[in-house]
Structures are given as structure tokens and as C-alpha cells.
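The structure under discussion appears below in the form of C-alpha cells.
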Amino acid sequence: MSAPWWQSAVVYQIYPRSFCDTTGNGVGDLEGIRRRLDHLVWLGVDAIWISPFFPSPMKDYGYDVANFCGVDPLFGTLADFDRLLDDAHARGLRVLIDWVPNHTSDQHPWFVDARSSRSAAHRDWYVWRDGHPDRPPNNWRAAFLDSPAWSWDEATRQWYLHLFLAEQPDLDWNNHEVVAAMHDSLRFWLDRGVDGFRMDVIHCIGKDPALDDHPDAVAKIPACALNDDPLTHSLLRDIRAVLEEYPGERAMVGEVYLLSTDAVATYYGDGDELHLAFNFPPLYAAWEAGAWREHIERTEAALGDRNAWPTWVLSNHDNPRHRTRYGSEARARAAAVLLLSLRGTPFLYAGEEFGLEDAVIPADRRLDPGGRDGCRAPIPWDAAAGHGWARAKAWLPWPPDAGQRNAAALRADEQSLLHLYRRLLAHRRTSPALQWGVIEWVEAPDDVLAFRRVFGDDRWTVLVNFAAEDREVALAGAWKRVVTSDGHGEGRAFDGVLRANQGTLLLSRGVSASRSRRA
Ligand code: NOJ
């Protein structure tokens, strides 16, 4: 089947500070990623997305970029990046990097110049408004600190807009010079050979210059979760044209932080905007069969109308890990079966294959203004004191049970969650139905999510029991349990019983499978 690589890929997100430190400063680095590429190949993912590693004062841990075309010395050098990229490509792994187009650091030379005077060359690269120093220009709220999305610049006596921290001023994408400079920052990395970009809060770049108040009913919600302006769509088409100047298939994966799947779907345009967009409502869904069915149906409907390809994600660097949210390893195992058998591109967050929980962060080690340190705990690679890092004390505390829950220990245990991920990824890679197949619902008890993935003769049934007790599911036809989340019954014919918290992938044994009956 000829489709772009990102539709059949499983993407693995790396938060570079937390992946692996090779220099002994307690912070992960690009060389640390390079040295662990074989883990990713063994696991069976297709692509990596690396969160920002650009020069940054790190007020938002790299999402405050002071130079879009460089590497922060904390993470290495451009030469380290090139080596990482080459080594990833040599192993057949694609590389996406994080592009942060909505804002810069306040230390970016553009903003340093912009705030130097009202007549500075870069002044109107940012969003400035007149007003009274006690009254922000509108009611927009910033993310993280529950403060206005505006800061007063006393020296030049104007307000500037920042949807995030005051140290992250918003660029003004109504300014053509900004557009051209940001396009060039894409070309800088495309020239080096990256396979595409994860685009940070991409739905925020277009803004109506009127900057009207948000309605009272939603005014407390951070403006970054509300901004949905038509200008962004034409900006995205132009950005896509930049990627299309390059040979090969370069991907645009947008973070569209709008909590409506219908709204997210619009950012695929008519097949001429984003190639993939994150869809976060399922990430926030409770671990309940009904909630998940609703999200899957809504996604299929909203994206299907546009012939757009879905994405699925359970964890990332901004939210508590799903192992922590769902409350048990048994559920995390069942969730792996679900995530890796849905129709669409799955995104894994480094460490979820180990079943990592969020770290407990003592008050004196809290760093992130957004309270997201727990899910950013360092990845333990082995049981030794430094867990494979060059220094035992990393920038954040280790996650719970790192002595047992680390790459080496889990790799040695074939029953581990790590091996479950690997088996699921291997089946997904070789199954046209799991990659491309339509999704058909199968009747099942309320606590059970049951669906088929079908492509020609390749027919799978996916069952996930959200209940803490066994459930019976009657399936027409003969089915073999190819993978089970707890290992129980794997390799045997399906006997109609799903154990508590069990997810399973069943392969049709060739008997025609008509619609199944309610158990
Ligand atoms: C979304 C990123 O995922 C998050 O980590 C960051 O703080 C904001 N965008 C601002 O760049």
C-alpha cells in the first residue's frame, strides 16, 4: 500500500533532558539519544520526535527558544545532532524535531531588539498594544500561572502578548518578515535532513489583530486552548509549501491544543495543511470503555469526513503519565493493546514501554512552572545507582522503583510490559489490517471495548476489558489470541473469557466471522 510513512509509523517521543546523560551534568543530551537508538530499533518504532534542544534560557525547558537554528550546549552541538540524525537514518528511523513557532524566548535577539525601543527593527515582530499599565488590553489568560496573557514593558510603555510565560513573547504572524524568518528556520533543519516537525501549539500562530475579549463563559481558560483563527489555515498551507520544496516525504505533525476533535480536524485542511494533528480529548478520557468508544467514534467521524489520518497518544511531557493516571500496570498493559491497535498513528512517550510512573517531586526539587516535572523524570536504563546516566543525581528525581523498572531488567523478563510493547509493535508492523484496516464495532458487555480491524483477508478482533472482573464475550467464528496484555492464554484459541483488566489481540482463524452476538 502506498501511503506516506507517517501513516504507518509508530512515533516515539523523546524529551531530551530526561532520556540519557553522557556528560555528567545530570541532563540528558543528544549523544545520549544516539547511544540508545538500538533500544528503539529493538523495540520496533519507526520514528522519533525530539522535544526542543535549541539554545534556550530554559524557563519552559526548551519551549522558550533563543535561536531556532542551533543546539543548546547543554544538549551538545550541531555536529552531535548531525551524527544522531545520520545514525538514526542508518537504522531506518525517521527523525522529527520540535518547531516552536508561536513564541520565542524573551532572550531571543529578535525580542531583545524589539523591546529596546518602539522604533526597533523587530518591534512589530511581536504583538504590542497600548493601554493603561493597570489594565491589560484584553481578558486573555496565559497558560501555567493563571495570569494575564500580557506583560507591561515599562521602558517602552506598551503591553506585549504571551500565551505562555512572560519570558515567551508571541510572534506576530501577521508580519511577513516573521513568516519569512520562520520559514527559513524550517529550511535550516530540512537542509540537514530532518524528516519533519512536531509543531508546537500550531493553532495559535494565526490571530485576529482585533484581539477581542473571549466571552466571559470561557475567559478563565488559557487563551492557548481557545485561539482558533482562520489565518492559521493559510499560514499552514504556506508552511506546507516550504516542506514540499524538499524531496522525500517531510511531515508536519501539529500540536492543536483545542479540546474539540471537530476543531482539530479542520487543521488537516483539504489535505493541504497538517499531515497529522494531535487530538488530545482521548488523552484526557477516563479509563472507561464507554468514554473510549465515544472518542474513537468521534475521531472516526470528524476525521473521516476529511479523509484525514488520526493520531493517538496516551502520555507526553505535559501530562501525568497514563500509568499514573490509570492507576495500575494491568491497566497500562491493556492500554498498550488499545493504543497499538487503533486506526491511526500512535505516539509513544519515552518510558511508557517500561510502565514508568510519574516521579514524586519533593517541594525543594520542583522546577517546572506548569507543575509537569513528574512525567519528565529521567529514564532509568539499568539498576545501577546512576541507572545508565553519567551521574547518579539527575536533574529530576528518578521515577518509582527504578531499580526494577528499568530497561535492562525489563528486557531480561519476557513477561514484562516492555516485551508486550515489542510484540504489539511487531504485529502491527506486519499486519495490513492493524495498520490500515477499517474499524468495525463488535457487540460486547458494557465494560468491554470490542472492535475489528479488517483489511482483505487480514482480520483481527481487539478486546479490552476495562473491568476489574472477568467478562465473557461471545465472538462468532474462531479466533486465536495472538497477544494478551497479561500473557494469559496467549497463543491459544479464544475461549470467550476476558480476564480482569485484560486486553487481547485476536486473529481470525479463517472461519467467516459474521457479526457477533451480545454475550
Ligand atoms: C506545548 C508544549 O508541549 C509545552 O511543553 C509548552 O510548555 C507549550 N507548548 C509552550 O511552548
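Within the stretch 300-337, which residues have the backbone N less than 18 Å from the label spot 7 Å out from ALA3 along Cα→beta-carbon, could you tell me?
Only 300-313 pass the distance filter.
Between ALA476 and GLU414, what is the FRET efficiency for a Förster distance of 30 Å, r being their Cβ-Cβ separation, to the nearest 0.05?
With a Förster radius of 30 Å, E is 0.40.
Where the only charges are on Cβ atoms (+1 Lys, Arg; -1 Asp, Glu), what is the dipole of the stretch 384-515 about its Cα centre, to the nearest 20 debye?
660
So what's the angle, to the nearest 10 degrees on a 0 to 90 scale, between helix 78-90 and the longest Cα principal axis of the chain?
Around 20 degrees separate the two axes.
Under a cut-off of 27 Å between alpha-carbon atoms, report the lysines in cross-link reach of LYS393, not counting same-chain residues fewer than 8 places apart.
LYS59
With just the Cα atoms defining each centre, how far is the stretch 454-480 from the stretch 117-138? Give it in Å.
When both Cα centres are located, 59 Å separates them.
Antiparallel versus total DSSP beta bridges in the chain: what percent is that, nearest 5? Can you show the working numbers first?
On the way: 34 of 59 bridges.
Once the DSSP bridges in the chain are tallied, antiparallel ones form about 60 percent.
Using a cut-off of under 20 Å, list every residue of the stretch 229-265 whose amide N is near the label point 7 Å from the Cα of HIS214 along the Cα-to-beta-carbon line.
Flagged as within label range: 229-233, 255-265.
Expressed as an acute angle from 0 to 90° and rounded to the nearest 10, what is the orientation of the C-alpha long axis of helix 329-339 relative to the principal long axis of the chain?
Between helix and principal axis, roughly 80 degrees.
Could you give the length gained on full extension between ASP401 and ARG91, defined as 0.36 nm per residue of separation minus the Cα-Cα distance, in nm? All intermediate terms of the calculation are to be shown ahead of the outcome.
Values: separation 310, 0.36 × 310 = 111.60 nm, distance 3.11 nm.
The ASP401-ARG91 span can extend by a further 108.5 nm.
Indicate the gyration tensor shape class of the stretch 1-111 (rounded, prolate or oblate), computed on the Cα atoms with a ≥ b ≥ c the square roots of the eigenvalues: a/c under 1.5 is rounded; otherwise a/b larger than b/c is prolate and the rest oblate. Mind showing how you got there, number by number?
Values: a/c = 2.29, a/b = 1.45, b/c = 1.57.
Note, shape of the stretch 1-111 comes out oblate.
Identify the GluC sites (Glu not before Pro) of the stretch 464-510 meeting these criteria: DSSP loop state and at most 10 other C-beta atoms within 10 Å of the C-beta. Provide the component values of the computation, followed by the final result.
Numbers: sites: GLU469, GLU472, GLU490; in loops: GLU469, GLU490.
Passing sites in the stretch 464-510 are GLU469.
Given the DSSP H assignment, sum -39500 (n - 2.57) over each helix run of at least 4 residues in the chain and divide by its residue total; what's the result at 222 nm in deg cm²/dmol, nearest 500?
-7000 deg cm²/dmol
Could you sort 227-238, 208-219, 455-466 so that the peptide with the highest average Cβ count within 10 Å comes first and the rest follow in order?
Highest mean packing first, the order is 455-466, 227-238, 208-219.
So how far, in whole Å, is the C-alpha centre of the stretch 33-55 from the one of the stretch 273-341?
A separation of 22 Å, based on Cα centres.
Calculate the dipole size of the stretch 185-299 relative to its Cα centre from +1 charges on Lys and Arg beta carbons and -1 charges on Asp and Glu beta carbons; express the result in debye to the nearest 20. Show your work: numbers first, answer last.
Details: 10 positive and 21 negative charges, 71 e Å.
It comes to approximately 340 debye.
For the chain, what does the accessible surface come to per residue with a 1.4 Å probe? Please give it in Å².
That works out to 37 Å² per residue.
Please determine, in degrees from 0 to 90 and to the nearest 10, the orientation of helix 417-430 with respect to the longest principal axis defined by the Cα atoms of the chain, where the helix direction is its Cα long axis.
Compared with the principal axis, the helix lies near 90 degrees.
Would you kindly calculate the translational diffusion coefficient of the stretch 137-222, applying Stokes-Einstein with the Kirkwood radius from alpha carbon pairs, for 37 °C and a viscosity of 0.692 mPa s, and quote it in µm² s⁻¹ without decimals?
D, rounded to a whole number, is 221 µm²/s.
Only residues of the stretch 113-152 count here: report those whose backbone N is under 13 Å from the spot 7 Å along Cα→Cβ of ALA181, or say none.
113-116, 120-127
Quick one: accessible surface of PHE164, probe radius 1.4 Å, all protein chains present, in square angstrom to the nearest 10.
My reading of the accessible area for PHE164 is about 20 Å².
Counting only protein chains, not ligands or nucleic acids, how are TYR267, TYR284 ordered by accessible area (probe 1.4 Å), most first?
Details: TYR267 0, TYR284 100 Å².
Ranked from most to least accessible, the order is TYR284, TYR267.
What percent do you get for the relative contact order of the stretch 42-153 when only Cα pairs under 8 Å and 6+ apart count? Present the calculation step by step, with values, prior to reporting the outcome.
Details: 132 pairs, mean separation 22.2, N = 112.
Value for the stretch 42-153: 20 percent.
Can you give the relative contact order of the stretch 369-431 as a percent, counting alpha carbon pairs under 8 Å and 6+ residues apart?
Relative contact order here is 27 percent.
The values are calculated or read from the model by the stated rules, or taken from the named source; none is laboratory data. Note that the structure is a prediction, hence the values are computed from the model and not measured. Note: ideal-geometry Cβ built from the backbone for every residue, glycine included; neighbour counts use all protein chains shown. The protein model used for the area step is the full one, side chains on, heavy atoms only, and it has no ligands, DNA or RNA in it. Shrake-Rupley method; radii C 1.70, N 1.55, O 1.52, S 1.80 Å.
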